[in-house]
1. Return the residues of the range 196-224 that are farther than 29 Å from Ile108 by Cβ and open to solvent by less than 30 Å² (accessible area, probe 1.4 Å); say none if nothing qualifies.
2. Is at least one residue of the range 162-181 more than 15 Å from the chain's Cα centre (by Cα) and open to solvent by 30 Å² or more (accessible area, probe 1.4 Å)?
3. Among the numbered conditions (1) in a helix (DSSP H, G or I); (2) at pLDDT below 95; (3) aliphatic (A, V, I, L, M), tell me where Leu197 comes up short.
4. Do you know which residues across the range 204-248 are part of a loop (DSSP other than H, G, I, E, B) and in contact (Cβ under 8 Å) with a residue 24 or more places away in the chain?
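The values are calculated or read from the model by the stated rules, or taken from the named source; none is laboratory data. For clarity, every value in this text was computed on a predicted model and none was experimentally measured. Quick reminder, even Gly has a Cβ in these numbers, built from the backbone with ideal geometry, and neighbours come from all protein chains shown. For the accessible areas, the whole protein counts, side chains as well, though only heavy atoms, and no ligand, DNA or RNA atoms are used. Shrake-Rupley method; radii C 1.70, N 1.55, O 1.52, S 1.80 Å.
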Amino acid sequence: MERYTLLILLFFCFLQGFTEFLPISSQGHLMVFNNYYRLDVATGISALESTIIAHFGSLFAVTIYYNKTLKDFLTSLKLLDRPDIDKSSFLLVNIIISSLPLILIGYIFAKIFNHDNENIFLIIGITSIVFGILLFVIDSFCLRIKNLNSLNYFTSFMIGLSQCMALVPGVSRSGSVLTAMRFLGFQRKFSVFYSNLLSLPAVSAATGYLLLSNIDKLSTSTIFSFYGIMIFLISLLFSLLFIFLFIAWIKKFSFFIFCLYRLVFGVFLIYYFT
């Protein structure tokens with residue numbers, strides 16, 4: 001029984017690490033997972049608690065990978081009012097601007113959207129297919145010459161608005177940002193870099209909201225239990241692994257494989273759940 005529990009836990013953490021930074025929707029995959037497997041029965045940790053712990057693991061992973069960039073951000077805080085003379089402060093200001101729409105709209109969306117909708121898997125299937133096709137078309141045919149020097153505050157705000165589409169299950173936060181940035185003409189490598197940095201405020205805000213709005217349902221004894229610590233550590237390791245692999249992949253290849261995966265995943269959900 002314990003071996004089976006560890007296998008399910010490993011698969012859950014694999015899904016979190018595999019989908020969080022790739023343009024294939026972590027939310028959609030975890031919702032499908034929770035429909036099939038009851039991690040709470042096996043571990044005593046609720047689906048809410050395991051999701052929060054796994055996201056903390058992914059946050060630590062992106063912090064570790066981009067530790068130099070984050071250190072530069074801290075150093076550049078004293079020049080935050082002069083982003084025109086410091087690249088790190090310029091990047092940080094744009095990250096903040098891009099994050100504001102998701103934080104503001106996300107709070108409102110969380111209040112009104114019903115994730116227990118009986119058609120939720122149909123929604124995930126359709127959005128997976130539609131945004132997979134959109135990413136493929138835009139990635140294949142749009143210009144790809146812009147980088148950090150081409151950013152401006154209006155562009156960053158528009159990227160932030162595009163990120164809000166990921167509030168709909170199945171769209172993918174990473175996928176919506178990459179689609180928008182490729183459409184605006186940014187290089188694939190810089191688009192992934194910017195998207196991964198945006199995951200820090202985005203995942204932090206989402207995790208913080210889950211914590212604060214469900215504080216009475218959470219148990220520190222289960223979160224810091226053996227299984228809780230395992231979820232955190234394994235999610236961290238898988239997230240770090242797939243950040244490395246994703247960045248290595250886009251240096252040589254396009255997003256086609258992820259678009260194809262989205263199509264297969266979407267068709268499966270529509271066929272199986274309708």
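1. none
2. Among the residues of the range 162-181, not one is more than 15 Å from the chain's Cα centre (by Cα) and open to solvent by 30 Å² or more (accessible area, probe 1.4 Å), which makes the answer no.
3. Condition not satisfied by Leu197: (2).
4. Of the range 204-248, the ones part of a loop (DSSP other than H, G, I, E, B) are 214, 218-219, 224-225.
Residues satisfying the conditions are Asn214, Leu218, Ser219, Ser225.
Rundown of residues vs (1) among the β-branched types (Val, Ile, Thr); (2) open to solvent by 30 Å² or more (accessible area, probe 1.4 Å); (3) more than 23 Å from Arg173 (Cα to Cα), yes/no style:
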residue	(1), (2), (3)
Ala47	no, yes, no
Ser50	no, no, no
Val62	yes, no, no
Ser76	no, no, yes
Leu80	no, yes, yes
Asp86	no, yes, yes
Ile95	yes, no, no
